[in-house]
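What follows is a set of notes on a single structure, which appears directly below.
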Amino acid sequence: MKEIKIPELAESITEGTIAEWLVKKGDKIEKGDPVVELETDKVNVEVNADYAGVVTEILREEGDDVEVGDVIAKVDENGEAGGEEAADDSEPEKEEPKNEEDTKEDKKDDEEKSAKKEDSSKEKKQDKDNSTSSKNGEVIASPAARKRARELNIDLSEVSPRDPLGRVRPEDVEAAAKGNTKKEEKKSDKKESNSEKTEFDKPVERVKMSRRRQTIAKRLVEVQHEAAMLTTFNEVDLTNVMKLRSERKEKFIDKHGVKLGFMSFFTKAVVGALKDFPLLNAEIQGNELVLKKFYDIGIAVSTDDGLVVPVVRDADRLDFAGVEKEIGNLGKKARDKKLAMEDLQGGSFTITNGGTFGSMLSTPILNAPQVGILGMHNIQKRAMVMPDDSIEVRPMMYLALSYDHRIVDGKEAVQFLVRVKELLEDPYDLLLEG
């Protein structure tokens, strides 16, 4: 009999929740077959079988929390599919007719078994009575232990002595008192936890939070407690970006097989600004600043299970088509729940686009341990006063930069956002440089 265990998932992940069993008891599996889908803090992963055989036992149910190394099922390498059910469905063997002598012998055997059973029952009852009388006997304890027990209101019969002869000593009473205190604390904590649940007069539905949603909630709160987070705002005129997209979209699709979207412009603009203001591409580790010399840009993607941030690697080395393809691939993997751990780790800066849902303005929360995140918003046509005092209708977008004030001063944050604005308002050089 072999065991299916939760394998090592990733360096930072030690536990998960069973989302769905892909096999059932009695199924035949081959080595490498996926047997269960596991929901972790970041992505859903499939656990594969290390052995071929038949699933004889499923030890953990869907919704159970499991840790690396936990046994979740058992496999019989020599079993046959549906073996247990087949055994249950098989017809009982027919008994051959017995002659008179066999019947007498069977009757005699039954009488002997009955007598033995009765004797055994009497012995068990006697042992039980002896055990009860032993328990009702006086507890052996030193005078000091009895005094301490009275002071702490401890029943000596409930104290477990460490003395091999069963003598209760004062230290045994102290240990029992501490144990009772811990039990009371646990009961109190449980009572307080239950009291936090608000009771409603009208119908409600309680739904358990997914592991990923719990992790998102926990980390967002941690960021607000640990980082000195501030947000600065600006607005960008996207006239030239929209004009450039309109001019190049057909040729771009024909040449690269992908649309020229807004995200590639914003990604390249962020990379350009990070090169000018490297502290936005850093993080704190202990008493040191880690200045990253690479540009792995996280792109926030909303899914049914919550927000995930897959990373576009080496965005500075990709052209516009490369950025668009990578963003498209990561977005599809996120929606199909096919993201791997390496797709989500190691980003140096994040871009989030609330504008796709109609957001006009927001203050995005940092994606720790990063120290900067750029928030995009909805494009709105507004009347703008031009340098010659004329008024024109322009497609405008508000930008928000949240940053960690422990590393980044307000001056650098504002200048960074202004640099992003400049690059987007004159995108032709950006396109050529990219």
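Scanning segment 399-416 for residues that are crowded, with 22+ Cβ neighbours inside 10 Å and assigned to a helix (DSSP H, G or I) yields ALA413, PHE416. Looking across segment 239-256 at every residue that is in contact (Cβ under 8 Å) with a residue 40 or more places away in the chain and farther than 14 Å from TYR428 by Cβ, the one that is nearest to the chain's Cα centre (by Cα) is identified as HIS256. Against the criterion of being more than 22 Å from HIS377 (Cβ to Cβ) and touching a helix residue (DSSP H, G or I) at 6+ places or on another chain (Cβ under 9 Å), LYS337 does not qualify.
Of the set (1) in a helix (DSSP H, G or I); (2) modelled with pLDDT under 55, all apply to SER188 but (2).
Which residue, of GLU412, GLU425, is in contact with a Ser or Thr (Cβ under 9 Å, 6 or more places away or on another chain) and acidic (Asp, Glu)? Result of the check over GLU412, GLU425: GLU425.
Of the residues ASP163, ASP172, only one is at pLDDT below 75, surrounded by 10 or more Cβ atoms within 10 Å (Cβ to Cβ) and either within 27 Å of the chain's Cα centre (by Cα) or farther than 30 Å from ASP304 by Cα (or both); which?
After ruling out the rest, the residue left standing is ASP163.
GLU326: in a helix (DSSP H, G or I) and at pLDDT 90 or above, yes or no? When the stated conditions are applied, GLU326 passes them. Contact map, segment 34-56: first residue at positive phi, second residue at pLDDT below 80 and not in a strand (DSSP E or B), Cβ cut-off under 8 Å, separation 6 or more or different chains; pairs are GLY53/GLU77; GLY53/ASN78; GLY53/GLY79. When segment 201-234 is filtered for residues that are modelled with pLDDT under 80 and either of a type in the set (Ser, Thr, Tyr) or not in a helix (DSSP H, G or I) (or both), the ones remaining, listed by number, are LYS208, MET209, SER210, THR215.
Where the second residue is surrounded by 15 or more Cβ atoms within 10 Å (Cβ to Cβ) and assigned to a loop (DSSP other than H, G, I, E, B) and the first is touching a residue at least 24 places away in the same chain (Cβ under 8 Å) and lies in segment 215-233, which pairs have Cβ atoms under 6 Å and are six or more apart or on separate chains? Pairs found: THR215/ASP41; LEU220/ILE365; VAL223/ILE365; VAL223/LEU366; VAL223/ALA368; ALA227/LEU366; MET229/LEU366.
Please tell me if LEU307 is in contact with a strand residue (DSSP E or B) (Cβ under 9 Å, 6 or more places away or on another chain), in a helix (DSSP H, G or I), surrounded by 14 or more Cβ atoms within 10 Å (Cβ to Cβ) and of a type outside the set (Phe, Trp, Tyr).
Spelling it out, it is not the case that LEU307 is in contact with a strand residue (DSSP E or B) (Cβ under 9 Å, 6 or more places away or on another chain), in a helix (DSSP H, G or I), surrounded by 14 or more Cβ atoms within 10 Å (Cβ to Cβ) and of a type outside the set (Phe, Trp, Tyr).
Residues in segment 347-398 that are closer than 19 Å to VAL312 by Cβ and part of a strand (DSSP E or B): PHE349, THR350, ILE351, THR352, ASN353, GLY372, ILE373, LEU374, GLY375, MET376.
The values are calculated or read from the model by the stated rules, or taken from the named source; none is laboratory data. These numbers come from a predicted model, not from an experiment. Reconstructed Cβ throughout: ideal geometry from the backbone, glycine too, with neighbour counts over all protein chains shown.
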